[in-house]
Amino acid sequence: MVTRSTASWLAGGALLVALLSSCSATPATTPASQPPPSTMAPASPMASTADQATLTLMMADTSLGPVLVDGKGMTLYLYTKDSPNKSVCEGQCLAAWPALLGKPMAGAGVDDSKLGTLTRSNGSTQASYNGWPLYYWVKDTKPGDVTGQNVNAVWFVLDRDGNAVKK
């Protein structure tokens, strides 16, 4: 006969196993810190779009020169394994490189003809620039950070023309 305390212990153990099994080893590039929640797009299938202020893209001066940023000044990146209007960043990739979700608008210095969107595999709308899906890097914690530049030689900031800056 299973007592109530034994059942509680078994349920707690099952919960712990479930939680631990959902955690997998992450790539060395997955950081421990996250950017401010107001700038990071949720990575879940039910992710919501960013607010209009965030979706107003602009150019900002950084240590790499002028680069594309969101309306709050957070640097945006392209992934060279993507192709125009197609994202291949899923799962653990999205945990480290959250997508900018929603329809972008032109702000200061941005070429509005290069703004666009694409539909992700989960049906959400991701912002793009010059056809490149746009992402954040979770190690960038404040406006002007460009710590995602050249990570694994496949992640780069974008210039005004929507090209990878490979400095």
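The values are calculated or read from the model by the stated rules, or taken from the named source; none is laboratory data. Being a predicted model, the structure only gives us computed values, none of them experimental. All Cβ positions, glycine included, derive from the backbone under ideal geometry; neighbour counts span all protein chains shown.
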* Taking the options 119, 75, name whichever one is more than 11 Å from the chain's Cα centre (by Cα) and of a type in the set (Val, Ile, Thr). => 119
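Take residue 112 and tell me if it is without any contact (Cβ under 8 Å) to a residue 12 or more places away in the chain and over 17 Å from the mean Cα position of the chain (by Cα). First the steps, then the outcome.
Working: without any contact (Cβ under 8 Å) to a residue 12 or more places away in the chain: yes; over 17 Å from the mean Cα position of the chain (by Cα): yes.
Against the criterion (without any contact (Cβ under 8 Å) to a residue 12 or more places away in the chain and over 17 Å from the mean Cα position of the chain (by Cα)), residue 112 qualifies.
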* **The lone exception for residue 61 - which of (1) within 21 Å of residue 166 (Cα to Cα); (2) assigned to a loop (DSSP other than H, G, I, E, B) it fails** => (2)
* **Residue within region 41-53 that is surrounded by 18 or more Cβ atoms within 10 Å (Cβ to Cβ), assigned to a loop (DSSP other than H, G, I, E, B), out of contact with any strand residue (DSSP E or B) (no Cβ under 8 Å at 6 or more places or on another chain) and modelled with pLDDT of 85 or more present** => no
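Inspect region 137-158 for any residue being within 18 Å of residue 49 (Cα to Cα) and either in a loop (DSSP other than H, G, I, E, B) or touching a residue at least 40 places away in the same chain (Cβ under 8 Å) (or both) and give the result as yes or no. Explain how you work it out, then say what you get.
Here is the first cut: in region 137-158, the ones within 18 Å of residue 49 (Cα to Cα) are 137-138.
Add one more test, that the residue is either in a loop (DSSP other than H, G, I, E, B) or touching a residue at least 40 places away in the same chain (Cβ under 8 Å) (or both), and what stays is 137-138.
Yes: region 137-158 contains one or more residues that are within 18 Å of residue 49 (Cα to Cα) and either in a loop (DSSP other than H, G, I, E, B) or touching a residue at least 40 places away in the same chain (Cβ under 8 Å) (or both).
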* From the list 72, 167, pick out the single residue that is under 26 Å from residue 48 (Cβ atoms), touching a residue at least 12 places away in the same chain (Cβ under 8 Å) and not in a strand (DSSP E or B). => 72
* Among residues of region 79-134, those that are touching a Leu at 6+ places or on another chain (Cβ under 8 Å) and outside any loop (DSSP other than H, G, I, E, B), counted -> 12
* Check on residue 124, over 12 Å from residue 86 (Cα atoms) and touching a residue at least 24 places away in the same chain (Cβ under 8 Å) -> yes
